[in-house]
Every structure is written in structure tokens, then in C-alpha cells.
1. Calculate the FRET efficiency for Ala204 and His118 from the Cβ-Cβ distance with a Förster distance of 25 Å, rounded to the nearest 0.05.
2. Taking neighbour Cβ counts within 10 Å as the exposure measure, how do Lys117, Lys24, Lys159 sort from fewest upward?
3. How are the alpha carbon pair distances in segment 125-195 distributed across 5 Å bins from zero to the largest one, expressed in percent?
4. Working from the alpha-carbon coordinates of segment 190-277, get Rg over Rh, Rh being the Kirkwood radius.
5. Near the amide H of Leu258, under 5 Å away, which other amide H atoms are found, from residues 5 or more places off or on another chain, if H is placed in the peptide plane?
6. Only four residue types carry charge here, +1 at the Cβ of Lys and Arg and -1 at the Cβ of Asp and Glu. Report the dipole size of the chain about the Cα centre in Debye, rounded to the nearest 20.
7. Looking at segment 132-256, I'd like the Rg to Rh ratio, where Rg is from alpha-carbon atoms and Rh is Kirkwood's inverse mean 1/r.
8. Given H placed on each backbone N at 1.01 Å, which residues far from His38 in sequence or on other chains put an amide H within less than 5 Å of it?
Amino acid sequence: MSDLLQRGPTFSFEFFPPRTDEEKDRLSQTIQDLEPLHPSFVSVTYRGGRSSRERTTAVVTDIIRSRAITAMPHLVCVAHSRGELEEIVGGFIEAGVENLLALGGDPVAEEGPGELKHAAELVELARALGGSSIGVAAHPAGHPRSPDRESDRRHLAAKLALADFGITQFFFHVEDYLRLREELADLGLSKPVIPGIMPILSLASVKRMSELAGYQVPADVVDRLGPLEDDPQEFRRVGIELAGELCRQLLEAGAPGLHFYTLNFSKATLEIYRSLELRAQWGGPRAGRAEHGRQGGHPPSERETIA
């Protein structure tokens, strides 16, 4: 990952592991649609617990074996003992995984809190086992469990100092990212932090996901999109337009890349990619197949975005 970031802006996607045959088919189609864009890497979410672990491992293994794509699994502290995490990390490294995203994770029903309490401990564990490129999560608005912004930034700086890069939760204004970057610089941190992007294709859906992440959709975004909820086509057009403008502003501000929360759909990401004319920048083709089925709807119960 360090080499990729040194070459210039990265372009990457997040997927979540499917739970049904229908979701498996959709993810397979999405990967097929997006692979021609030659992503720098793709990340695969992990909630914690055995069933989620098995699904994440299956997706990562399939990508490694059958696709010309770099896969980066998420790791979480919750619901695991240190020994279990050592086994998981060791298995990924043995399978050829070079990049890992270390997260604290959200509490899992009927599972314990986990032996490791913070993502920084997971970074150290993965590093000791041979993890060569490790990322952590960053929350532009602050982590929902942080008591205040100052303590959140100190905590982020501490774990980012141990890691190689960060990836942010999704946000809506370039100023949110620039402020985060400035606050980290004030704390002596200059490691790359990749902004996370999620197009707004459903206002109700993004409001729910924002609440889970601990913040609200900005009033100006609601004012822009709210009146369009009865016109799905125009709503979608404006949602894609807003995401594309945010991407342009971030790249102009020197962001090290763009990481798209796809919700296992390809069409919105393809449209943004084409609108940004990224072919020259990333070297991938601008054309891609549209997804089958409807874009949007309710997000899956397993959280797709980082925590």
C-alpha cells in the first residue's frame, strides 16, 4: 500500500461479504463491472464473530485467487481473544494478504467485547505477525464513542502513528477532510489518510448510516436533496453530481486517493469515475458495464463502512 500511495492517488472500493445466493451473485457482478477500472485495492468488511469471519475470508480468498485485484480485509477487536486474532491475521498473511485495515469494531450481539480494546493494539499485533501494510479508520466528525473532538484526534494520531495509512468514514464537505488533515498535522502526523466517498442515492438510507457513524447529514445537503425525493431519477442525478464534485475538490486539495463505499453496487461508482475522467490519472478504462438491478435501497444490516 505504501508503494501505491507514493505513486499517486489511489482509487479503491469497499465491499461487504454476501449472506445469500442473491447477494453473492450481485457482488460477483459488481466486481466484474469494476475490475476493468484497475482499482488500487478493494477492502472487505468484517463485523466480528465466526459467521462474519468465514464470509469475509471467503470473499478475500476468492478475489486473491480469481481476480487481478489487491484485497484488503478488515480486522476488528470486538468478539475476539488475542489468540483468535493471531490466528486470523496469520491465516490472511499465509494466504498472501499484504494489506490489513485494523478497526476497533462495533459491539456484536451475544459476543464479548474482545480482549484487545483499541485498534492501536490490533495494529501492533498484526505488525508483530508480519503485516507489512496496515491501515486504520479516521472519522472526520469524530468517532461516535469519543467524549470530544480533541480526545478523538489524539486517539487517532496515536493509532495512525503505528499504522501506515488511514481511511475515513464517509462525509459530505471537503472542509471536513481538510480540517481533519490540519488537526493531524498539528499533532505531528503526516501519514496519508484516504477519504471515503459514498454517493447519496437514498436520503433515508444515508441518514440512518450517518446516525450509526455518530453524526447528521448536513442541513444544506438535506435542503438540496429533500425536495427531490419524489423524483428518483433527478434525486439520483444530483446525488451523483454532489459526490463527483466532492471527489474533484478532494483531488485538487491533494488527497492521496478516493475510497468508495459501494454497498456492493457498481453503477454509481462507474458514473462518478467517468465524470471525473480518471482514465489518464489511474490508467484504467473509463467504460464499464452497468449493474443489473436497482441501485440504492436500504443498506444491509451488517455495516459496510468502517468503524
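Readers should treat all values here as calculations from the given coordinates under stated rules, not as data from a laboratory. Predicted model only: the values in this text are computed from it and were never measured. Note: ideal-geometry Cβ built from the backbone for every residue, glycine included; neighbour counts use all protein chains shown.
1. On the way: r = 33 Å, r/R0 = 1.31.
For R0 = 25 Å, the calculated efficiency reads 0.15.
2. Details: Lys117 12, Lys24 17, Lys159 23.
Ascending number of Cβ neighbours within 10 Å: Lys117, Lys24, Lys159.
3. 3, 17, 29, 25, 15, 7, 3, 0
4. 0.96
5. Distant-sequence amide H within range of Leu258: Thr10, Phe11, Ser12.
6. 420 debye
7. 1.00
8. Amide H neighbours of His38: none.
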